[in-house]
1. Which condition breaks for residue 70 when tested against (1) under 26 Å from residue 34 (Cβ atoms); (2) in contact with an Asp or Glu (Cβ under 9 Å, 6 or more places away or on another chain); (3) in a helix (DSSP H, G or I)?
2. Just to check your reading of the model, which residue among 151, 123 is out of contact with any Asp or Glu (no Cβ under 6 Å at 6 or more places or on another chain) and either modelled with pLDDT under 95 or closer than 13 Å to residue 6 by Cα (or both)?
3. Check off (1) in contact (Cβ under 8 Å) with a residue 60 or more places away in the chain; (2) part of a helix (DSSP H, G or I); (3) farther than 19 Å from residue 142 by Cβ for residue 17 and give me the number that stays unchecked.
4. Looking at this structure, is residue 95 among the charged types (D, E, K, R), free of Cβ contacts under 8 Å to residues at least 40 places away in the same chain, within 14 Å of residue 159 (Cβ to Cβ) and surrounded by 13 or more Cβ atoms within 10 Å (Cβ to Cβ)?
5. Take residue 44 and decide whether it is surrounded by fewer than 18 Cβ atoms within 10 Å (Cβ to Cβ) and either free of Cβ contacts under 8 Å to residues at least 24 places away in the same chain or not in a loop (DSSP other than H, G, I, E, B) (or both).
6. Going through 91, 104, 49, 25 one at a time, which residue ends up being outside any helix (DSSP H, G or I) and in contact with a Leu (Cβ under 8 Å, 6 or more places away or on another chain)?
7. Which residues, taken from region 1-39, are farther than 18 Å from residue 79 by Cα and either buried (at least 18 other Cβ atoms within 10 Å of the Cβ) or among the hydrophobic types (A, V, I, L, M, F, W, C) (or both)?
8. Determine which member of the set 185, 176, 167 is within 19 Å of residue 16 (Cα to Cα), buried (at least 18 other Cβ atoms within 10 Å of the Cβ), modelled with pLDDT of 95 or more and of a type in the set (A, V, I, L, M, F, W, C).
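The values are calculated or read from the model by the stated rules, or taken from the named source; none is laboratory data. Every value quoted in this text rests on a predicted model; they were computed, and no experiment measured them. Here the Cβ positions follow ideal geometry from the backbone for every residue, glycine too, while neighbour counts run over all protein chains shown.
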Amino acid sequence: MKVKFCGMTNAEDVSAAVDLGVDFIGFVFYEKSKRFVTYEEVRKITDGINGDVKKVGVFVQQTDKEIKKAVEFCNLDYAQVYKPVEEVNTIRVYRIKDELPKGISNGLILFDSFTKSIGGSGVSFDLNLLKKFEYRSRLFVAGGVNIDNVVSIARLHVFGVDLVSSIEAYPGKKDIKKMEDFMKIVRGL
């Protein structure tokens, strides 16, 4: 199972995540987020990354043209988007209330819980919905993923998990010990 640490805001946290063997790191380009970073900040961070980690930009309101330009400028591997986007590798986000969406897009997908804010809420959706979901092999589960429920999520045979708040000291700053503890459990599965 792949692991994505999202809401990264600084080189120190990214370096620690890479050293721990995380598979994906995410940067939030949504100005209303407590974890917002600029394209320039992310480019400085991605230029300094040593290691085999996929870099993801989280885009909420940008146009297709803006997303493509940012992906190239920031040296990103994927754009995490809330709408269909052309010309870039995407992780398509669906916000889940009490049922799964219809008409799932191609490529990687991410299910997050539906809350007032977008991302990083620490609130989970009903994971039982996934038991009969046919596209789990390309699905990231987000929303309330933590050290206590990751084993049960892994049993669903999903592509990966996406964490933000459960590995933070406070919004925008990761807690290295929490990241270490989480990776020990996941890599031990």
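1. Of (1) under 26 Å from residue 34 (Cβ atoms); (2) in contact with an Asp or Glu (Cβ under 9 Å, 6 or more places away or on another chain); (3) in a helix (DSSP H, G or I), only one is false for residue 70: (2).
2. 123
3. (3)
4. Against the criterion (among the charged types (D, E, K, R), free of Cβ contacts under 8 Å to residues at least 40 places away in the same chain, within 14 Å of residue 159 (Cβ to Cβ) and surrounded by 13 or more Cβ atoms within 10 Å (Cβ to Cβ)), residue 95 does not qualify.
5. Yes; evaluated as a whole, the condition is true for this residue.
6. Answer to the check: 91.
7. 1, 11, 13, 16, 17, 18, 20
8. That would be 167, the only listed residue that is within 19 Å of residue 16 (Cα to Cα), buried (at least 18 other Cβ atoms within 10 Å of the Cβ), modelled with pLDDT of 95 or more and of a type in the set (A, V, I, L, M, F, W, C).
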